[in-house]
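Asks: Got a structure for you, written out below as structure tokens; questions coming shortly.
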Amino acid sequence: MKKKSWFTVGQVHPRVFALAEFSHWEKVVSYLVVGKRHAILFDSGMGYADLLAMVATVTPLPVTVFLTHGHWDHIGSVHKFEEIYLFNHPFETDLLSSGFSSNTIEELVDPNLFDKPFTPRSFTAPGIRQYHKIHDGETVSFDTITVTCIHTPGHTPGSACYKVDPFDILVTGDTIYSGPLYANLPESNLQDYAMSVNKLARTVTSKMVLLPGHNAIHEKPSLVGKVAAGFCEILAGKPKTSDIKGRRCYGFGSFSVLTMGTAN
């Protein structure tokens with residue numbers, strides 16, 4: 001991977017690029033899939049640096065954005081792009097319409113969380129009102145690329161993953177990755193999360209590559225089954241591993257699950 005100012009750029013496939021923001025503790029990753037005449041961007045990062053300019057260094061093609069959910073660290077630069085898709089759920093659409101300022105996410109833009117100078121008052125992730133609403137199972141095609149939406153509520157009620165053909169990749173956003181999975185937020189639902197990861201376990205194939213929203217630029221497809229099994233254990237009464245700031249933490253090796261209780 002190559003460090004380009006704020007972004008670290010990695011190549012998952014000759015036409016699939018990871019645009020990672022590893023200089024913040026959340027280690028957010030967005031993905032750019034480049035077709036013959038069109039490019040697809042999955043999520044739009046934190047908005048701290050100019051993602052549109054970064055994308056332009058990779059491809060001159062027109063870009064369409066697909067968002068996995070409406071949290072600030074995934075919609076930060078979305079206002080810079082012209083065509084956007086988001087799952088049709090009021091929680092996500094309300095977040096995208098309203099946007100975020102440093103006042104609403106003050107603790108997450110603390111200058112101490114960055115490895116370079118940052119002024120919180122300068123941060124903003126403007127909302128947008130012109131975008132496409134996508135539904136579960138819907139497919140959208142752009143010349144050589146087909147994107148299929150998979151509704152995966154749990155982390156948020158309108159979270160979505162995306163299957164991308166013909167590349168055999170599955171963009172998992174905040175639903176599946178190595179590290180702490182957040183099922184403890186006010187908008188989270190543990191049972192929905194468990195159903196979603198089991199749904200993905202029935203979808204993923206051994207040839208697929210996972211593109212997670214945090215920490216790494218790709219994961220093996222076997223992680224889906226491990227996460228699904230972990231959620232089943234939690235719902236079956238697995239003892240918590242520890243408490244972290246009032247949240248129950250269940251450890252499973254390469255990932256953990258944070259909840260406010262054994263069930264929502």
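Asks: Being in contact with a Ser or Thr (Cβ under 7 Å, 6 or more places away or on another chain), buried (at least 19 other Cβ atoms within 10 Å of the Cβ) and more than 23 Å from Phe22 (Cβ to Cβ) is the filter here; which residues of the range 161-187 pass it?
Replies: Those that are in contact with a Ser or Thr (Cβ under 7 Å, 6 or more places away or on another chain), buried (at least 19 other Cβ atoms within 10 Å of the Cβ) and more than 23 Å from Phe22 (Cβ to Cβ): Lys163, Ala183, Asn184.
Asks: Quick check: is even one residue across the range 98-110 surrounded by 13 or more Cβ atoms within 10 Å (Cβ to Cβ), in contact with a Gly (Cβ under 8 Å, 6 or more places away or on another chain) and either at pLDDT below 60 or among the small types (Gly, Ala, Ser) (or both)?
Replies: yes
Asks: Let me ask something else. If a residue must be out of contact with any His (no Cβ under 6 Å at 6 or more places or on another chain) and either closer than 24 Å to Asp165 by Cα or of a type in the set (Phe, Trp, Tyr) (or both), how many such residues does the range 2-27 contain?
Replies: Residues that pass the stated criteria total 15.
Asks: Search the range 53-66 for residues being aliphatic (A, V, I, L, M) and either more than 17 Å from Tyr131 (Cα to Cα) or modelled with pLDDT under 95 (or both), and hand back the single one that is farthest from the chain's Cα centre (by Cα).
Replies: Selected residue: Leu61.
Asks: Return the residues of the range 192-227 that are touching a helix residue (DSSP H, G or I) at 6+ places or on another chain (Cβ under 8 Å), crowded, with 21+ Cβ neighbours inside 10 Å and assigned to a helix (DSSP H, G or I); say none if nothing qualifies.
Replies: Within the range 192-227, Tyr193, Ala194, Val197, Leu200, Val224, Val227 qualify.
Asks: His69 - would you say it is outside any loop (DSSP other than H, G, I, E, B) and closer than 22 Å to His135 by Cα? Talk me through it step by step, then tell me what you get.
Replies: On the way: outside any loop (DSSP other than H, G, I, E, B): no; closer than 22 Å to His135 by Cα: yes.
In short, no.
Asks: Out of the residues in the range 123-142 meeting the condition of being without any contact (Cβ under 8 Å) to a residue 40 or more places away in the chain and in contact with a Ser or Thr (Cβ under 8 Å, 6 or more places away or on another chain), tell me which one is surrounded by the most Cβ atoms within 10 Å (Cβ to Cβ).
Replies: Glu138
Asks: What number goes with the only condition from (1) within 21 Å of His214 (Cα to Cα); (2) of a type in the set (D, E, K, R); (3) at pLDDT 95 or above that Asp73 does not pass?
Replies: Condition (3) is where Asp73 drops out.
Asks: Give the range 234-264 a look and list any residue that's of a type in the set (D, E, K, R) and within 24 Å of the chain's Cα centre (by Cα), or say none.
Replies: Lys245, Arg247, Arg248
Asks: Within the range 10-41, count every residue that is under 16 Å from Asp174 (Cβ atoms) and in a loop (DSSP other than H, G, I, E, B).
Replies: Total satisfying the criteria: 3.
The values are calculated or read from the model by the stated rules, or taken from the named source; none is laboratory data. Please read all numbers here as calculations on a predicted model, not as lab measurements. FYI the Cβ positions are ideal-geometry reconstructions off the backbone, even for glycines, and counts take in every protein chain you see.
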